[in-house]
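Written below as structure tokens is the structure these notes are about.
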């Protein structure tokens, strides 16, 4: 036994699968936070997406419809949050936490009849002979379409936030909502759109857990993934590629520590188990050491309520 | 105005409460669960037993439960809350609730507590556990016979005696029928995290394990094995029959209902006393789930014979000669392990590789 039993190909492939749910959820939250809204309900939206996607996939036999339903349910739940915080001006932190609790309860209610059922399999994307190549065949061309979607989404969000006019508007709303309002931007409407998008992404991430990664429905199956997604957004200092790095790093360390254990490498398990969190803390310290909040890249209006009368 | 309404409402509640108490008040039984009741494993079975208590006593009993309670300080808060709200008997169903249970029990001497799988008792705290290792031995035998790669993956939760005992018992039984067998143990440090359990199973399968044993509570490893195709698993704590006949070829089922019904009855008629019970296959607290068709007939019969021999007391899963991992002698030829050593087991037997985390 030893390191030789670990196949790098399988390791990287399973790393990508392990990272995809948090990547999707974190991308959604990134857009929400860039618009100046702090939605702590990611966990609740993920798990609601997990059960709604699972139920839809089992009901229709189509994983694709399952993912659509998951995105829709995540967005719907997020809009409840949006209505409460943007229209009724409730506290974002408290409402977000409530959304998590509500999502966990709602999902276990909806999931009553679904434990022990196997969902229809999500097929790997068929690249023909490319999939038979050594290493890259499995790592680059051997995944299901959601993995590619998550990567495409990363690029798209990067482009949207840094290269498009709409992205500039969204960031303006997040940086200074009063100035944006004075310029005639519809702050609340833009934020509601961002919140719905964030919910849809979280729902997709949840459905990836219940339809591909685990694949089954179990109550409470997200087990904190939503919170990790929130941490990754900070870790990435609110940048799309940073989110990708953070999610893959986190997924990578998680998978690596299990593989090292399975290979019988004599290394204390406790250190491996805590390593993803240690890395997160270390990066946060390094980044904040640069120079305050600005270097971190946090949107200036993050979590602040806005009303046009102000 | 509001305050007055509130006060009179409270007074009315107190009055009706008092009135109800004067009448025949149902015995209130609390349950504290470590996972969700829909986990399909450990907590699911405890909840089934709770429902059996309700069925048995009907209106004479009222049960309350709280699920997914973290082990540690939160448990103490939950327990205090339950005791304050009038519970007569509280079942705390995970090892990590041991100290919180003892602490809260000191403050509520009139409330009875039943703590699962621990070893600390008090005048109002009993412990109960099942000899899961008896079932583990049967699993180990099937695993040793069925493996082709001779690599058996084991997803362990926390390094506590119960888990270490399970690893040792299944290893010894597997080794007895297949000397080449090798165990790879992965510590997940969680009772319930489907994604992590699935990843652990995947890591073991990627490295050539074709049998996965689990000591975590969800069915995620079963799903990972089903995906891999030629890997077998065993249901943990619950039958997990939805994964039969493959990958789940058998299971250990925890059957708590008879014990819970008995102890609630004891509280009702006032005969409850602190005790320590450790029941096995013989008493029916540990059951072996049906061995599926994926297992050849001769292996099935061998496994059944081992189960019956353990049940009858003819065989003990820990019978010497057994050495500890470092090569020192633990049990001499023909000697069987005593319960005290088993309850505090913190060492691997010879042949297992790796270290138990502290």
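Every number in this text was worked out from the coordinates using simple rules, so none of it is lab data. Since the structure is predicted, the reported quantities are computational estimates derived from the model, not experimental observations. Cβ: placed from backbone, ideal geometry, glycine included. Neighbour counts: every protein chain shown.
Okay, here's what the table says:
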item	result
Nitroxide proxy distance, nm - points 7 Å out along Cα→Cβ at residue B:319 and residue A:130	6.1
Kirkwood hydrodynamic radius of the range B:305-358, from inverse mean 1/r over distinct Cα pairs, in Å	12.3
Rel. contact order, % - alpha carbon contacts under 8 angstrom, at least six apart, chain A	37
Three principal axis lengths of the range B:238-311 [C-alpha, angstrom, descending]	50, 28, 14
Scattering curve values for the range B:121-240, log₁₀ I(q)/I(0), Debye with Cα scatterers, q = 0.11, 0.13, 0.19, 0.21 Å⁻¹	-0.34, -0.47, -0.95, -1.15
Residue A:271/residue B:269 FRET efficiency (R0 35 Å; Cβ-Cβ; nearest 0.05)	0.10
Estimated translational D of the range A:196-236 in µm²/s (Stokes, Kirkwood radius over Cα pairs; 10 °C; 1.306 mPa s)	145
Cα gyration tensor, the range A:60-113 - rounded (a/c under 1.5), prolate or oblate	oblate
Convex hull of the range A:94-161 built on C-alpha atoms - directionally averaged projected area, nm²	8.2
FRET efficiency, residue B:308 to residue A:151 (Cβ-Cβ, R0 51 Å, nearest 0.05)	0.35
Distance from the range B:127-156 to the range A:3-65 (C-alpha centre basis), Å	33
Whole-angstrom gap from the range A:68-100 to the range B:188-213, using each part's C-alpha centre	34
Spin-label model distance (nm) - residue B:287 vs residue A:62, 7 Å beyond Cα toward Cβ	4.2
Convex hull volume per residue for the range B:24-100, taking Cα atoms only, in Å³	75
log10 of Debye I(q)/I(0), alpha-carbon scatterers only, for chain A at 0.09, 0.13, 0.14 Å⁻¹	-0.46, -0.94, -1.07
For peptides A:159-165, B:254-260, A:250-256, sequence by mean Cβ density within 10 Å, most packed first	A:250-256, B:254-260, A:159-165
Sorted by Cβ density within 10 Å, fewest first, the residues B:132, B:108	B:108, B:132
Efficiency of FRET from Cβ geometry, residue B:110 and residue B:332, R₀ 56 Å, rounded to 0.05	0.70
Extension gain (nm, one decimal) between residue A:227 and residue A:241, 0.36 nm per residue minus Cα-Cα	3.1 nm
P(r) weight above 23 Å for the range B:56-214, C-alpha pairs, percent	50
Average silhouette area of the range A:1-105, convex hull of alpha-carbon atoms, in square nanometres	9.4
Helix A:187-208 vs. chain A, principal-axis angle (Cα, 0 to 90°, nearest 10)	10
Kirkwood estimate for chain B, i.e. one over the average of 1/r between Cα atoms, Å	21.5
Beta bridge orientation in the range B:56-129: antiparallel %, DSSP, nearest 5	10
Average other protein chain Cβ within 10 Å of Cβ, residues B:223-229	3
Fraction of beta bridges assigned by DSSP in the protein assembly as shown that are antiparallel (%, nearest 5)	20
Tail beyond 12 Å, pair distance distribution of the range B:200-239 (Cα, percent)	48
Kirkwood hydrodynamic radius over Cα pairs of the range B:41-150, then Stokes diffusion coefficient at 25 °C and 0.890 mPa s, in µm²/s	156
Rough spin-label spacing in nm, given labels placed 7 Å along Cα→Cβ, for residue B:301 and residue A:278	5.5
Cα-Cα P(r), the range B:189-287, percent of pairs per 5 Å interval	3, 13, 19, 17, 13, 10, 9, 7, 5, 3, 1, 0
The range B:203-358: C-alpha gyration tensor shape, a/c 1.5 cut-off, then a/b vs b/c	oblate
Helix axis angle, B:194-206 relative to chain B longest principal axis, alpha carbon, degrees	0
Number of partner chain Cβ atoms within 10 Å, mean per residue of B:242-249	1
Shielding by partners - mean other protein chain Cβ count within 10 Å, residues of A:116-128	1
Long-range Cα-Cα pairs in the range A:165-237 (distance over 22 Å), rounded percent	42
Cα centroid separation - the range A:156-184 against the range B:224-298, whole Å	57
Relative exposure of B:340, B:301, B:290, B:162, judged by other C-beta atoms within 10 Å (fewest first)	B:340, B:301, B:290, B:162
Distribution of pairwise C-alpha distances over the range A:159-204, 10 Å bins, in %	28, 50, 20, 2
Per residue, the convex hull volume that the Cα atoms of the protein assembly as shown enclose (Å³)	185
Tilt relative to chain A, helix A:240-262 - C-alpha long axis, 0 to 90 degrees, to 10	30
